[in-house]
């Protein structure tokens, strides 16, 4: 599970880094916003503008800290989820009868553990994506920048936005895993019913192979189920994602989660909380689709 999770996260984050950069730029309002550097008409305009003015490197800005974070965070995230799910279902009769609660509890545990690694790398990534670093920091490696931020802002600075991340991602992960498991089980139950009917009617050429196929999702099924779960969870959590992005990219704002909420409401109104929702839902839909399908594929091949 840990190996599958790390591979799934790396593949997903690498393929979708440009869309994540667009999302972060659209949400960003900070010290540099007064120069209109990050004012875009829409998602497509943001993508084209970044590509024209900064080239391919601009779209992939922040990829290295993303890579540093996704490798361990993905392993911890999926490994914790699968381990906690098994532990809960094996040791609680109530949760065996009400599996949805087990999925949500395991999802929240996975998010809590994964975020201990994810948040610092996410902060560095957001700083790179929004040009919130000094020119000297850009010339340094990601690790040197990490240490410099730690020295200038302290350990608390590296975890800036942690509370917002928890408020956003624990409900997100609970919703995502719940929807994923419900949809996955629905498909597998339907496939097993079809298998039993075919077995009863003696229409199977290879019953053993057909049984194995009925007990797991195909690659395309995993993409659809994972993408659907991610899209629904992302839509619900976008307002908190805006708050998190603003907290992590601002180098001058001294308040916390509630203070940033009030600032966004005052400056942009309720519309401000839905900035970047289009690229975020697109990114999360594709990301979770890729991530779950790769996770299922690698897990199945490691156990076969």
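Would you tally the residues in the range 260-285 being over 17 Å from the mean Cα position of the chain (by Cα), surrounded by 12 or more Cβ atoms within 10 Å (Cβ to Cβ) and assigned to a helix (DSSP H, G or I)?
First pass over the range 260-285, keeping only residues over 17 Å from the mean Cα position of the chain (by Cα): 260-275.
Narrowing the set further to residues that are surrounded by 12 or more Cβ atoms within 10 Å (Cβ to Cβ) leaves 260-261, 263-265, 268, 272-275.
Still in the running and assigned to a helix (DSSP H, G or I): 260-261, 263-265, 268, 272-274.
The number of residues fulfilling the criteria is 9.
Do the conditions hold for residue 236, that is, is it assigned to a loop (DSSP other than H, G, I, E, B) and at pLDDT below 90? Walk me through it before giving the result.
Numbers: assigned to a loop (DSSP other than H, G, I, E, B): no; at pLDDT below 90: yes.
Answer is no for this residue.
So that you can scan it fast, the table gives a plain yes or no per residue for (1) in contact (Cβ under 8 Å) with a residue 12 or more places away in the chain; (2) touching a helix residue (DSSP H, G or I) at 6+ places or on another chain (Cβ under 7 Å); (3) assigned to a helix (DSSP H, G or I):
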residue: 52; (1), (2), (3): no, no, yes
residue: 55; (1), (2), (3): no, no, yes
residue: 61; (1), (2), (3): yes, yes, no
residue: 68; (1), (2), (3): yes, yes, yes
residue: 71; (1), (2), (3): yes, yes, yes
residue: 74; (1), (2), (3): yes, yes, yes
residue: 81; (1), (2), (3): yes, yes, yes
residue: 86; (1), (2), (3): no, no, yes
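Sort through 247, 188, 204 and tell me the only one that's over 25 Å from residue 122 (Cβ atoms), at pLDDT below 85, surrounded by 12 or more Cβ atoms within 10 Å (Cβ to Cβ) and touching a helix residue (DSSP H, G or I) at 6+ places or on another chain (Cβ under 8 Å). Step through it out loud before you land on a result.
Values: 247 fails: over 25 Å from residue 122 (Cβ atoms); 188 fails: at pLDDT below 85.
None of the others qualify; the one that does is 204.
List the residue pairs whose Cβ atoms are under 8 Å apart, where the first residue sits in the range 190-205 and is at positive phi and touching a residue at least 24 places away in the same chain (Cβ under 8 Å), the second is in a helix (DSSP H, G or I) and surrounded by 10 or more Cβ atoms within 10 Å (Cβ to Cβ), and the two are 6 or more positions apart or on different chains.
That search, which allows pairs on different chains as well, returns nothing.
The rows are residues; the columns are (1) in a helix (DSSP H, G or I); (2) touching a helix residue (DSSP H, G or I) at 6+ places or on another chain (Cβ under 8 Å); (3) more than 28 Å from residue 231 (Cβ to Cβ); (4) at pLDDT 90 or above.
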{"site": "89", "(1), (2), (3), (4)": "yes, yes, no, yes"}
{"site": "119", "(1), (2), (3), (4)": "yes, yes, no, no"}
{"site": "147", "(1), (2), (3), (4)": "yes, no, yes, no"}
{"site": "174", "(1), (2), (3), (4)": "yes, yes, no, yes"}
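Can you pull out every residue in the range 276-295 that is farther than 17 Å from residue 13 by Cα and at pLDDT 85 or above? Spell out how you get there, then give the answer.
Step one: list which residues in the range 276-295 are farther than 17 Å from residue 13 by Cα, which gives 276-278.
277, 278, listed by residue number.
The values are calculated or read from the model by the stated rules, or taken from the named source; none is laboratory data. From a predicted model like this one, the values you see are computed outputs, not experimental measurements. Cβ sites come from the backbone with ideal geometry, for glycine too, and all protein chains shown count toward neighbours.
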